[in-house]
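Below is one structure, written out as structure tokens; the observations come after it.
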Amino acid sequence: MLVPSEETAGEIGTQYLLDKGYGAEFAICGEPTDLGIAVEAKGVLQVEIVLRGKSAHGSKPWEGENAIEAAFETYERIRQSPFMKERTQSYPGPSLNLARIEGGDAINRVPDRCMLTVDIRYLPCQSCDEIVRQINSAAQGAVVRVINVGIPVSVSKDNPHVTTLAQCVYDICGSNPTFVSQHGSADTRFFTARGIPAVEFGPVGANHHGDDEYVQLDSLAIYRRILDQFIWKEVSHRDDYR
């Protein structure tokens, strides 16, 4: 599958095709993993929080209620919520990114509205519903709206497709692959939601979503050889192929 929207929510790409009936026994998502095999990934929870205050003249802020100040206090309470303190063997904790803050319409006016958007990557052992409950508690009456949810991913290293892929990495590279746990989320979540095991596996690169994001071109040639061998091994083992 070559799909759009993987960098956003994915609904018009992989999710759309799976909803239309396309499927697989196993999926590889070509995220840059430095030729390691990602068998685990955090879930994603993106939330919008709208806080209301009371406007007043900027020279008399004590007569108003500053919604931007309330937003920062809310964000700090979210940072201190119990779900942020949980840990696993693979992860030192979930992540919380204050992605966007919008508020205020004039420099001489106390802002009476502020919107926060937070991007949370939660642990495979955590409950998305419980995290939302804790956010609502921290928001203290603000309007909380879930924008996007993606489930965590976990695939056994002993899955036969994973072991075949690992063998192909060894055959081409001369060393066993590293099994990794991803902090980000990928289209693997759409496959695993339907009971299809999926991993992230891709070439060497860095600076993802940052300045100077890149992939090493020589690793693409190695990556293609590994995929060629993997497909050949998978197909040649089938009775209907023989």
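Couplings 3J(HN,Hα) for the stretch 123-133, derived from phi with the Karplus relation 6.51 cos²θ - 1.76 cosθ + 1.60 (θ = phi - 60°), are 6, x, 7, 8, 9, 4, 4, 5, 5, 4, 4 Hz, where x marks Gly and Pro. For the chain, the solvent-accessible area with a 1.4 angstrom probe is 56 square angstrom per residue.
Annotation for the stretch 118-225: GluC sites (Glu not before Pro) lying in DSSP loop with at most 14 further Cβ atoms inside 10 Å of their Cβ are Glu213.
Computed 3J(HN,Hα) for the stretch 178-189, one whole-Hz value per residue from the Karplus formula 6.51 cos²θ - 1.76 cosθ + 1.60 where θ = phi - 60°, is 8, 8, 10, 10, 8, 7, x, 10, 9, 5, 3, 5, glycine and proline marked x. Note on the chain: with neighbouring protein chains present and a 1.4 Å probe, carbon and sulfur make up 49 percent of its accessible heavy-atom surface. Which of the trypsin sites (Lys or Arg not before Pro) found in the stretch 84-148 are in a DSSP loop and have at most 15 neighbouring Cβ atoms, other than their own, within 10 Å? Of the trypsin sites (Lys or Arg not before Pro), the ones in loops of the stretch 84-148 whose Cβ has at most 15 other Cβ atoms within 10 Å are Arg87. Per-residue extension of 0.36 nm, minus the Cα-Cα distance of His209 and Glu76, leaves a gain of 45.4 nm for this segment.
What the phi angles of the stretch 167-176 give under the Karplus curve with 6.51, -1.76 and 1.60, with θ = phi - 60°, is a coupling list of 5, 5, 4, 5, 4, 8, 9, x, 8, 5 Hz, glycine and proline written as x.
Listed values (1) 16.3; (2) 13.4; (3) 12.5 include one computed from this model; for mean projected area of the Cα convex hull in nm² that value carries the label (1).
Taking 12 Å as the straight-line reach from the Cα of Lys157, the aspartates and glutamates in range (excluding those fewer than 8 positions away in the same chain) are Glu40.
Here's the picture: a label point sits 7 Å out from the Cα of Arg100 along the beta-carbon direction, and within the stretch 44-65 the residues with their amide nitrogen under 17 Å of it are 45-51.
Net charge dipole, the chain: roughly 560 debye, given to the nearest 20, about the Cα centre with Cβ charges of +1 for Lys and Arg and -1 for Asp and Glu. Taking the Cβ of Ala41 as the center, what net charge do the other residues with Cβ under 12 Å away carry, scoring Lys and Arg +1 and Asp and Glu -1? Net local charge, Ala41 excluded: -1.
Annotation: amide H-H contacts under 5 Å for Gln216 (H modelled 1.01 Å from N, sequence separation of 5 or more, or interchain): Val204, Gly205.
Among the GluC sites (Glu not before Pro) in the stretch 1-105, which ones are in a DSSP loop with at most 11 other Cβ atoms within 10 Å of the Cβ? Mind listing them?
On the way: sites: Glu6, Glu7, Glu11, Glu25, Glu40, Glu48, Glu63, Glu65, Glu69, Glu73, Glu76, Glu86, Glu102; in loops: Glu6, Glu7, Glu11, Glu25, Glu86.
Sparse-neighbourhood loop GluC sites (Glu not before Pro): Glu7, Glu25.
The values are calculated or read from the model by the stated rules, or taken from the named source; none is laboratory data. Remember, predicted model here, so these are calculated numbers, not experimental data. Reconstructed Cβ throughout: ideal geometry from the backbone, glycine too, with neighbour counts over all protein chains shown. Only protein heavy atoms, including side chains, enter the accessible area calculation; ligands, DNA and RNA are left aside. Shrake-Rupley method; radii C 1.70, N 1.55, O 1.52, S 1.80 Å.
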